[in-house]
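Beneath this line is the structure, given in structure tokens, with notes to follow.
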Amino acid sequence: MYKSSGLIKTIVEVALFAALGFVFDELQGVLLKGVFIAGGSIGFAMIAVVVVSFRRGPIAGIATGLIMGLLDLSTGPYILNFWQVLFDYIFPYCFVALCCLFVPWFNKVESKKKRTWILVLAVVIGGLGKFLSHYLSGVLFFTDQSGFAFNLTNTAPWLYSLIYNIAYMGPCIVLTAALAAVINLRVPRVFEKQNIKEIVEPDKQVKAFDYVLKPAVMAVGITMFVYFLIKYIRSYESYEDYYNGNIVYGAEFNPDYLMLYITGALLVLFTTISIISAIINKRNNRLIIIVYAAISFDNIVYALAKISRLCAAKKAAKYTVPQHLEVLEPYWKWFFVALAFTVLFVVIYLLIKEKASKKEAE
């Protein structure tokens, strides 16, 4: 037995939940896209920041929100000036970490019902923080009222921004609070604060995993990171436009390349950590397998998000069937590959766990 700092696990959770939150953010963009023309969507991506904030504290929660904001910024921002970027991309998900204010109260209460209500209140406060950031951006930088599907001509900027942002942030807060409540009632451990230092039992069996699978995953991760990072950089397209008399600067990147090179980077990062732990005889193979499965699951959700977006676009633009199937095909392949890897890592996890149980029984 040995003591290991919770820092590594905190980094793992921040990275994975930020990636999952970004995927949910992409997925929720499908809903009511024609209504919120100037940005904004209905979904529960905030749950990623809430979970990390309750489990690992405010710094980890803010880091998760910051990463989600930066990922959102890199996939096609709408830029008027520096301050607008802060209020629309950098601050919103960071402000969701305000839910940490309720963590001490949450941890002191033992009743599951009371903890659920505290959690719901925490989500509401975090969601209001995100809403406030978008609201201020609307008041300060977006006075044009053409960004909403409904006619709000001659409405004061402060009222227009209030109506526009609460129209999608209200449902977002409700959905996230409902999801958090269900998770807490069914799997309360998800929101339990994790210890800074934990006792971990070294997992020294299955040498083939250390000598074969880890180097193979490392090679795949390095290849994916380098190749798709180059493809991502080369996909850059900039543009200038006029918005309400001001020049608007924007950039477009290929989000598929972004997801793939981040996946490669995560594989390299966590495999490196695992190899270093193995060298100093402090490895736990089951933990790294869970990480691999989570990364694969992120890609499953992302592929489904893209398929959903394309199906919505088909309905809106009335694409012909052959063209639509040709565009969808890569994402279906992506989905099945990610699904296969997830199943593989789950099977390996079960085998390692079974072998460890037999060894303990002996």
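The values are calculated or read from the model by the stated rules, or taken from the named source; none is laboratory data. The shown structure was predicted, so the numbers you read here are calculated from the model rather than taken from an experiment. In this analysis, Cβ positions are derived from the backbone assuming ideal geometry, glycine residues included, and neighbour counts consider all displayed protein chains. Note: areas computed on protein heavy atoms with side chains; ligands, DNA, RNA excluded. Shrake-Rupley method; radii C 1.70, N 1.55, O 1.52, S 1.80 Å.
Numbers below:
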read-out: Nearest-10 value in Å² for the accessible area of Phe131, using the 1.4 Å probe; value: 30 Å²
read-out: HN-Hα J in Hz across region 264-273 - Karplus 6.51, -1.76, 1.60, θ = phi - 60°, x for Gly and Pro; value: x, 5, 5, 4, 5, 4, 6, 5, 4, 4
read-out: Relative packing of 165-172, 50-57, 293-300, which averages over residues the other C-beta atoms within 10 Å, highest first; value: 50-57, 293-300, 165-172
read-out: Cβ-based net charge around Ala15, under 15 Å, with every Lys or Arg adding one and every Asp or Glu removing one; value: +1
read-out: Sequence of Thr271, Thr223 from largest to smallest accessible area, 1.4 Å probe; value: Thr223, Thr271
read-out: Within-12-Å neighbourhood charge of Val120 [Cβ basis; K, R +1; D, E -1]; value: +3
read-out: Distance in nm between pseudo-label sites at Leu269 and Ile79 (7 Å out along the Cβ direction from Cα); value: 2.3 nm
read-out: Full-stretch length increase - Glu240, Lys358 - with 0.36 nm per residue and alpha-carbon distance subtracted; value: 36.0 nm
read-out: Local electrostatic count, Phe91, Cβ distance below 14 Å [Lys/Arg +1, Asp/Glu -1]; value: -1
read-out: Under 5 Å, built H, 5+ apart or other chain: amide partners of Val248; value: Asp241, Tyr242, Tyr243
read-out: In nm, spacing of pseudo-spin labels at Val347 and Lys114 (7 Å Cα→C-beta vector); value: 4.8 nm
read-out: Distance in nm between pseudo-label sites at Val190 and Leu159 (7 Å out along the Cβ direction from Cα); value: 4.0 nm
read-out: Segments 111-119, 329-337, 17-25 sorted - mean Cβ within 10 Å per residue, highest first; value: 17-25, 111-119, 329-337
read-out: ³J(HN,Hα) computed for each position of region 13-20 - Karplus, 6.51 cos²θ - 1.76 cosθ + 1.60, integer Hz, glycine/proline x; value: 5, 4, 5, 5, 6, 5, 5, 5
read-out: For Gly43, residues with placed amide H under 5 Å, excluding near neighbours; value: Cys172
